[in-house]
Amino acid sequence: MRKLFLDTNIVIDLLAKREPFYEEAAVLFTMADNKVLQLFVSALTFANTNYILLHVMKPEEAKLILRKLKLIVHVLSLDDKIVGLSLNDNGFSDYEDALQYYTALENGADAIITRNLRDFQKAKMPVMTASQFLKSIL
């Protein structure tokens, strides 16, 4: 079973129903719900998503959404090694992207799914959009 690491923007595409990206994100989550693939996110994704949700809803509503999300995705920890690798990689201009990348790499993800391909240009693993991934498996 494929292990996909989702960048935060894919999670927010689903939860905020951001068009035109919502449908592709929904397909990925449906596939995970049907045990066709596994979805992984970092603990950082939960913090970032909560921050964004709190701008548009009450804390109780945001927590309910995050609880439902946790039923579908596997949450990966950020540890000392990941923080160290991220801090020492000058190939990433965005530190958050470095954290996401090393979380995926250190946990054996098959690919990173993101809408920000340019932020992962130096990745040593496959990085693609949700649309590219879905086309690759058809």
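Computed 3J(HN,Hα) for the stretch 30-37, one whole-Hz value per residue from the Karplus formula 6.51 cos²θ - 1.76 cosθ + 1.60 where θ = phi - 60°, is 5, 4, 5, 4, 8, 6, 8, 8, glycine and proline marked x. Annotation: amide H of residue 40 within the under-5 Å range of 4, 5, 6, 74, sequence separation 5 or more or interchain, hydrogens built in the peptide plane.
Couplings for the stretch 82-87, taken from phi via the Karplus curve 6.51 cos²θ - 1.76 cosθ + 1.60 with θ = phi - 60°, read 5, 4, x, 4, 5, 5 Hz in order; Gly and Pro are left as x. In terms of packing, defined here as the mean over residues of other Cβ atoms within 10 angstrom, the peptides 102-114, 25-37 line up highest first as 102-114, 25-37. Ordered by the count of other Cβ atoms within 10 Å of each Cβ, fewest first, 55, 74 give 55, 74.
Estimated from helical segments only, the mean residue ellipticity of the chain at 222 nm is -15500 deg cm²/dmol, where each DSSP H run of four or more residues counts as -39500 (n - 2.57). Between (i) -0.64, -0.98, -1.03; (ii) -0.53, -0.98, -1.06; (iii) -0.37, -0.81, -0.91, which entry matches log10 I(q)/I(0) by the Debye sum over Cα atoms at q = 0.11, 0.16, 0.17 Å⁻¹ as derived from the coordinates of this structure? Correct label, based on the coordinates given: (iii). Judged by the mean number of other Cβ atoms found within 10 Å, the most tightly packed of the peptides 38-50, 10-22, 83-95 leads the ranking 38-50, 10-22, 83-95.
Read the figures in this text as sums done on the coordinates, not as results from a lab. In this text the structure is predicted, and so the values were computed from the model without any measurement. Quick reminder, even Gly has a Cβ in these numbers, built from the backbone with ideal geometry, and neighbours come from all protein chains shown.
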